[in-house]
Amino acid sequence: MARRHRHSDGAADAIHEDQLRQADLSHLRLQDMTPDQRAELRRRYGSFVRHFGAGVPQATAQPKKALRVRKWTPGAKH
């Protein structure tokens, strides 16, 4: 992802990026976001996928043992 750099002070850009990283974007629609906000949303989603997406463990339930069927013989004691 290429970031757009403004021709302003580097410290101001760092403050802007920090505020953007901390911003709550959940109330905004994608159409209403600025390009910087969309880039931050893509970055957050990519981070989420890298952290949780690849190695999602499946449910590790132990397979049940098959029941052993015994022949029933009337009158026989087992």
Original post:
Put a dot 7 Å past each Cα toward the Cβ at D18 and R42; how far apart are the dots in nm?
Top reply: 2.6 nm
Subject >> Proximal charge balance of F48 [Cβ under 13 Å; K/R count +1, D/E count -1] >> reply: +3
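None of the figures in this text is laboratory data; all of them are computed from the coordinates on show. These numbers come from a predicted model, not from an experiment. Cβ coordinates were reconstructed from backbone atoms using ideal geometry, including for glycine residues, and neighbour counts include every protein chain displayed.
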